[in-house]
Every structure is written in structure tokens, then in C-alpha cells.
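Participant: Sharing a structure here in C-alpha cells format.
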Amino acid sequence: MSVDQAEIEKIAQLARIRVAPSDIAELTERITGILDMVDQMQAVDTAGVEPLASPLNASQRLREDQVTETDRHGEFQGIAPATESDLYLVPKVID
């Protein structure tokens, strides 16, 4: 698939992108190259290939859960402007 300079100018206008007239020829070549590569990729037969979630067949190393901080719940509740039943009370912002 290829694009011509008129299509590049139209796309630039629709996208509100300013493209210098001297850059249109190079941009046309680059976009045509990208579209050609996409056409090549679409032509590949992938009938027997299962999709991958990741190209690496590795498992995540997990660590044991450990508490590393002290419980400061009471301190935070103590400095809050308003609390009730261990919840922070805030002003209503949506009617």
C-alpha cells in the first residue's frame, strides 16, 4: 500500500498538524515504508501459532509477605478533622 503527497497533506490538515512542504516527500516515503511493512506482516501465515501473553517463558519470583511498618492507624485517626467508626468523614462534594 502506498500513499501520495496529496493524502499526506489531507491527513495533516485533518489532524491539524503543520507539515512543511519540503518535508512532505520524505514523510510520504516513510509512511509508505511503514504501510508496506504492515502488509508484509499481515501476509504471514499464523494459522498454527498460539497467541502469547509474553515472549518470555518465565515465572514471577515472589517474596513472603512481611509487615515492615508499625500500625499508625490511631495516630492518623487522631489528627483527622472528623472520624466515625474508624472512617474518615469528608464533606459531601456531589449532590
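Participant: Tilt of helix 5-14 relative to the longest C-alpha principal axis of the chain, in degrees (0 to 90, nearest 10)?
Facilitator: 30
Participant: Which trypsin sites (Lys or Arg not before Pro) from the stretch 1-79 combine a DSSP loop assignment with at most 12 other Cβ atoms within 10 Å?
Facilitator: Here the trypsin sites (Lys or Arg not before Pro) that fit, given the DSSP loop and packing criteria, are R16, R18, R61, R63, R72.
Participant: While we're looking at this one, here's another question. Report, in degrees rounded to the nearest 10, the 0 to 90 angle that the Cα long axis of helix 24-43 makes with the longest principal axis of the chain.
Facilitator: 80
Participant: Between I24, I11, I79, find the one with the highest GNM mean-square fluctuation for the chain; connect C-alpha pairs within less than 10 Å.
Facilitator: Maximum among the listed residues: I79.
Participant: Would you pull out the residues with amide H under 5 Å of T83's amide H, same chain only if 5 or more places away, H placed 1.01 Å from N?
Facilitator: Amide H to amide H, under 5 Å and 5 or more residues apart or across chains, T83 pairs with L89.
Participant: Identify the GluC sites (Glu not before Pro) of the chain meeting these criteria: DSSP loop state and at most 13 other C-beta atoms within 10 Å of the C-beta.
Facilitator: In loop regions of the chain (DSSP not H, G, I, E or B), the sparsely surrounded GluC sites (Glu not before Pro) are E64, E69.
Participant: Next question. Can you bin the chain into rounded, prolate or oblate? Criterion: square roots of the alpha carbon gyration tensor eigenvalues sorted a ≥ b ≥ c, rounded for a/c under 1.5, prolate for a/b above b/c, oblate for the rest.
Facilitator: Oblate.
Values quoted throughout were computed directly from the atomic coordinates according to the rules given, and no laboratory measurement underlies them. The structure presented is a predicted model; accordingly, all values stated were derived computationally and were not measured. With ideal geometry, Cβ positions are generated from the backbone for all residues, glycine too; neighbour counts draw on all protein chains shown.
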